[in-house]
Amino acid sequence: MKKLFQGRLWHDRDFLLLWTGESISLIGSRVTLLALPTVAILQLHQSAFQVGLLVALGWAPFLVLSSLTGVWADRHRRRPMMVAANAGRVVLIAAVPILAALGVLSMWHLYVIALLSGILTVLFQVSFQAYLPSLLGRENFVEGNARMQLSQSVAQVFGGPIAGLLIGLLGAARAMFTDALSFLVAVFTVVLIRRPEEQPNAGMAARGVSGVLHELGEGFATVWRTLVLRNLSIVASLGNLTLSMGNAVLFVYLYRDLHLSPASVGIAIGLGGVGFIGGAILSQRLNEVIGVGRTILIAMLLLAASFLILPIASLGAALAILALSQFLAGLQSAPANVGVATLLQSFTPNRLMGRVMGVGLNVVWGANTIGGLLGGILAQALGNAWALAVFGLVPLVAILFLLGPILSYRREEAEAPTGGRRVSQT
């Protein structure tokens with residue numbers, strides 16, 4: 001815990017501004033995550049299919065636009081893109097309670113708002129991930145990523161209860177004003193950053209639209225030909241594939257096979273929140289002391305264990321085993337994410353940062369998209385318990401891709417002012 005309140009970044013005004021704004025907006029986004037489908041269900045009386053379509057429209061831009069957005073982020077300054085994306089989300093999110101107050105809100109409004117918000121979220125995430133390394137400096141990658149992961153974990157654990165309280169007090173539509181306000185705070189914190197941003201690659205912009213495919217191909221080629229980036233993308237994708245397959249099957253297993261009550265499931269999953277916070281607190285220390293590669297390896301082992309123990313719950317002590325499973329899954333999350341982000345930042349030249357991050361979002365969210373479908377197919381063929389056990393084998397396969405340069409990575413490599421490490425290419 002003491003490590004959290006030490007480090008160079010506590011004295012870095014610009015990082016503290018960015019971190020504060022992002023932390024507040026992450027909490028705000030949890031409100032919309034709950035409030036938007038609540039408006040569709042309770043106020044507009046929509047079906048499960050229509051609500052599912054609403055959620056899908058919010059995620060679709062990650063699959064379609066993230067790589068192209070990476071090209072844009074490498075052509076232009078990233079900080080103005082972050083400001084524009086957050087400002088746009090202020091308007092879109094605030095439109096829901098305004099339209100509801102006027103009595104004209106329809107499902108088509110929500111579809112359009114979800115899609116446009118998703119596009120702006122892609123724009124922000126790609127530009128943010130590309131901008132963060134230049135703000136941190138290589139010597140602060142682990143510390144900065146750990147701070148960001150702590151905010152993610154806090155939002156994940158406490159954002160839901162806060163959202164539920166606000167929706168109960170204000171109503172689902174009006175509660176979304178708080179998310180709009182959180183994005184407005186994020187706009188001002190980014191605007192107040194003083195550190196000048198590096199000029200974009202002028203040659204890229206000069207090629208115009210005709211160069212987009214070439215630049216996009218360069219981003220994919222960089223990820224594919226650079227051994228660390230390629231293997232890291234595979235590891236992250238397999239980790240997300242495991243979680244998304246599990247999400248498709250876990251609750252069916254808990255309710256229908258184990259006959260647990262919703263209250264019991266809620267309590268057990270709440271212990272996963274303890275794991276999230278614990279992992280966030282330990283993430284910086286682990287990555288610095290035992291190394292980034294070894295931290296990711298341990299995280300994959302914990303993720304595998306969290307699924308492999310679930311079938312045992314059918315033999316007894318179901319609630320305790322579920323709680324342990326959720327704790328292990330939560331514990332591995334932040335250390336793994338810090339390690340992955342640190343390696344991506346360390347081995348990617350700044351001029352390619354936007355495209356590499358965009359390709360990464362394509363790959364990661366692509367795994368999320370197919371995971372639910374694949375999980376359902378395996379559960380249908382094998383049964384829920386055996387399917388969960390199979391899911392637990394996937395992170396063990398991911399460990400094979402950690403062998404070599406990822407496991408041998410040393411922190412001092414991140415501190416070399418090289419603008420991106422030169423690594424083996426195959």
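The values are calculated or read from the model by the stated rules, or taken from the named source; none is laboratory data. A quick note: this is a predicted structure, and the numbers were derived from the prediction, not measured. Glycine gets a Cβ as well: all are built from the backbone with ideal geometry, and neighbour counts include every protein chain shown.
In region 136-170, what count of residues is obtained for those that are over 23 Å from Leu282 (Cβ atoms) and either buried (at least 21 other Cβ atoms within 10 Å of the Cβ) or touching a residue at least 60 places away in the same chain (Cβ under 8 Å) (or both)?
5
Looking at Val122, Val154 in this structure, which one is touching a Pro at 6+ places or on another chain (Cβ under 6 Å), aliphatic (A, V, I, L, M) and part of a helix (DSSP H, G or I)?
Exactly one residue qualifies, and that residue is Val122.
Does region 36-43 contain at least one residue that is in contact (Cβ under 8 Å) with a residue 24 or more places away in the chain and outside any helix (DSSP H, G or I)?
The answer is no, given that none of the residues of region 36-43 is in contact (Cβ under 8 Å) with a residue 24 or more places away in the chain and outside any helix (DSSP H, G or I).
Residue under question is Ile277, and the condition is that it be assigned to a helix (DSSP H, G or I), closer than 29 Å to Ser23 by Cβ and in contact with a Lys or Arg (Cβ under 9 Å, 6 or more places away or on another chain); does it hold?
Considered against the rule, which asks whether it is assigned to a helix (DSSP H, G or I), closer than 29 Å to Ser23 by Cβ and in contact with a Lys or Arg (Cβ under 9 Å, 6 or more places away or on another chain), Ile277 comes out as no.
To keep it simple, each residue is scored yes or no on (1) closer than 23 Å to Gly376 by Cα; (2) surrounded by fewer than 18 Cβ atoms within 10 Å (Cβ to Cβ).
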| residue | (1), (2) |
| --- | --- |
| Ser264 | no, yes |
| Gln284 | no, no |
| Asn287 | no, no |
| Ser306 | yes, no |
| Ala313 | yes, no |
| Asn337 | no, no |
| Thr348 | no, no |
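In region 64-100, which residues are at pLDDT below 95, surrounded by fewer than 17 Cβ atoms within 10 Å (Cβ to Cβ) and assigned to a helix (DSSP H, G or I)?
Residues satisfying the conditions are Val64, Pro80.
For the structure I just gave you, tell me whether Ala299 is farther than 20 Å from Gly404 by Cβ, in the same structural domain as Thr342 (by TED's automatic domain parsing) and modelled with pLDDT of 85 or more. So that I can check it myself, show each step before the final result.
On the way: farther than 20 Å from Gly404 by Cβ: no; in the same structural domain as Thr342 (by TED's automatic domain parsing): yes; modelled with pLDDT of 85 or more: yes.
For Ala299, the condition - farther than 20 Å from Gly404 by Cβ, in the same structural domain as Thr342 (by TED's automatic domain parsing) and modelled with pLDDT of 85 or more - is not met.
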